[in-house]
Amino acid sequence: MGATKGVAVLGSTGSIGRSTLAVLARQREHFRVVALTGGRNADALAAQVAEWRPAFAGLAADTNGGGHPSGPDVLVQAATHPDVDVVVNAVVGAAGLDATLAALRAGKRVALANKETLVMAGELVAQAACAGGGELIPIDSEHSAVLQCVSGRDAGLGRLILTCSGGPFREWPAERVRQATVEEALRHPTWRMGNKITVDSATLANKALELIEAHHLFGLSYDALEVVVHPQSIVHAFVEFCDGSVIAQVGFPSMELPILYALTHPARLPDAGVRRFDPVAAGPLTFEPVRAEVFRALAAGVAAGRAGGISPAVFNAANEVAVAAFLEGQVPFGRISEIIERTLDDHAPAPATGLPAVRDADRWARARARDYVRRS
Ligand code: NAD
Ligand code: MG
């Protein structure tokens with residue numbers, strides 16, 4: 001690779017953001033940090049700014065940003081900074097949407113961890129990339145796995161099987177899952193992540209978000225997208241070609257490899273920080289079906305994906321509200337999927353004609369889901 005590429009890290013203080021900076025610290029000849037944004041943690045951002053000295057840094061919360069610019073606009077400012085080539089979008093939730101759209105319209109590569117925004121507005125994201133010449137590269141480990149399997153093999157993609165750890169409640173009786181506490185839900189067996197995605201992994205809403213994400217990234221119908229539970233999180237995805245051949249990508253669970261690949265795709269760079277794969281240490285690999293009747297958010301999300309239009313935005317918004325309410329102790333774990341199902345039942349499916357339609361659907365679904373939270 002030639003001169004260093006400028007990187008913006010949106011959500012740099014979070015789990016993916018910090019992993020991204022760990023990767024970049026080992027790749028200083030290839031990348032430089034141009035912009036950083038945090039949510040509300042001014043101290044954490046200040047420490048990163050002191051280390052990286054970016055041209056731009058801001059806090060997205062409307063607080064006094066400790067001397068930095070603050071407010072939701074900092075995301076778009078960082079994403080469209082003229083010295084930025086690659087935007088790592090590691091913001092959690094719908095708040096990341098404008099920055100993804102703006103970066104793609106400005107012709108940047110977006111290395112996307114922020115799956116919620118592709119789910120909300122997949123068609124608009126594709127249009128923005130087309131209009132501005134930007135490209136979208138997934139960071140999510142399953143989608144990185146698929147991309148790594150299909151890159152350089154442009155013919156005959158047939159079916160994807162995304163793996164799923166099953167979360168902490170994989171083997172629990174349904175009744176116990178419904179009553180699970182916040183502490184139990186945050187004890188993920190194989191990945192250390194932010195709280196929202198950790199709860200999504202426990203409900204399996206995360207896998208629904210990922211199937212919708214895969215539909216948009218790889219252009220496959222929902223009939224060609226499947227999920228299998230794989231508790232060891234070693235195989236990240238299986239890719240089946242039209243002749244029946246299957247290629248999988250494997251590795252110990254770490255987001256640093258998919259983050260680096262999203263920065264370098266289709267090239268690769270050596271990285272001494274990645275734990276070398278060892279099949280014996282990986283131990284026996286097992287696979288089992290999803291208990292769809294227990295983890296109902298998965299089917300609800302897939303149905304929303306199949307319906308298309310504004311329905312995935314409704315699913316995402318209801319999930320964000322329900323998860324936040326669970327984390328605040330307002331609703332039991334079992335209520336999360338019910339709030340999602342009821343909000344989806346109540347909505348009127350419609351085409352996602354543009355950003356206003358998606359935003360209206362998001363607002364409506366948040367209000368409706370909050371009604372269900374209050375009635376819990
Ligand atoms: P996190 O909660 O650890 O970090 C989120 C970051 O976004 C923080 O920097 C936070 O300050 C910032 N933020 C929060 N709310 C914001 C707002 N309203 N506006 C602007 N910034 C805001 O989350 P995470 O685990 O790093 O996940 C980030 C995204 O990556 C999520 O979409 C998640 O689904 C996805 N993802 C995460 C992992 C993982 O291993 N952590 C894996 C795959 C995908
Ligand atoms: Mg994933």
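Every number in this text was worked out from the coordinates using simple rules, so none of it is lab data. In this text the structure is predicted, and so the values were computed from the model without any measurement. Here Cβ is always computed from backbone atoms with ideal geometry, including for glycine, and neighbour counts include all displayed protein chains.
The figures follow:
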quantity	calculated
Bridge type composition, region 1-152 - antiparallel percent by DSSP, nearest 5	5 percent
Size of charge dipole - region 171-313 - debye, nearest 20, with Cβ of Lys, Arg +1 and Asp, Glu -1, no other charges	320 debye
Cα-based Rg and Dmax for the chain, where Dmax is the largest Cα-Cα distance (Å)	19.8, 59
Tail fraction, Cα-Cα pairs, region 229-376, threshold 22 Å, whole percent	59 percent
Ratio of the Cα radius of gyration of region 1-131 to 2.2 N^0.38 Å, where N counts its residues	0.97
Average Cα contact separation per residue, region 191-330, under 8 Å, 6 or more apart, as relative contact order %	33 percent
Most positive-pole-ward Cα, 340, 311, 329, against dipole of region 280-352 from beta carbon charges	311
Proximal lysines relative to residue 207, as straight alpha-carbon distance under 24 Å, when same-chain residues fewer than 8 apart are discounted	115, 196
Check: region 1-147 dipole with +1 on Lys, Arg Cβ and -1 on Asp, Glu Cβ, in debye	360 debye
Calculated diffusion of region 168-289, Stokes-Einstein form, Kirkwood radius summed over Cα pairs, 20 °C and 1.002 mPa s, µm²/s	128 µm²/s
Exposure proxy order (Cβ contacts within 10 Å, fewest to most) of 261, 372	372, 261
Charge dipole magnitude, Cβ of K and R +1, D and E -1 - the chain, Cα centre, debye nearest 20	500 debye
Cα convex hull of region 223-282, projected area averaged across orientations, nm²	5.7 nm²
Cα centroid separation - region 50-82 against region 250-310, whole Å	30 Å
Antiparallel %, DSSP beta bridges [both residues in the chain], to 5	30 percent
Principal axes of region 97-210: Cα extent on each, largest first, Å	49, 33, 21
Cα pair count fraction exceeding 14 Å, expressed as % - region 55-102	48 percent
For the chain: relative contact order, % (alpha-carbon pairs under 8 angstrom, 6 or more apart)	15 percent
The chain: most fluctuating residue of 201, 245, 337 per GNM, C-alpha cutoff 10 Å	245
Highest-MSF residue in the chain out of 346, 362, 85 [GNM, Cα springs under 10 Å]	346
Sorted by Cβ neighbour density within 10 Å, fewest at the top, the residues 190, 37	190, 37
Neighbour-count ranking [beta-carbon atoms within 10 angstrom, fewest first] of 181, 20	181, 20
Space enclosed by the convex hull of the alpha-carbon atoms of region 72-142, per residue, Å³	73 Å³
Relative contact order of region 40-88, defined on C-alpha pairs under 8 angstrom at six or more residues apart (%)	28 percent
Region 175-237: C-alpha gyration tensor shape, a/c 1.5 cut-off, then a/b vs b/c	prolate
Positive dipole terminus of region 1-156, leading residue within 33, 88, 121 (C-beta point charges)	33
For the chain, built as a Gaussian network whose Cα springs stay under 10 Å, the top-fluctuating residue of 58, 283, 66	283
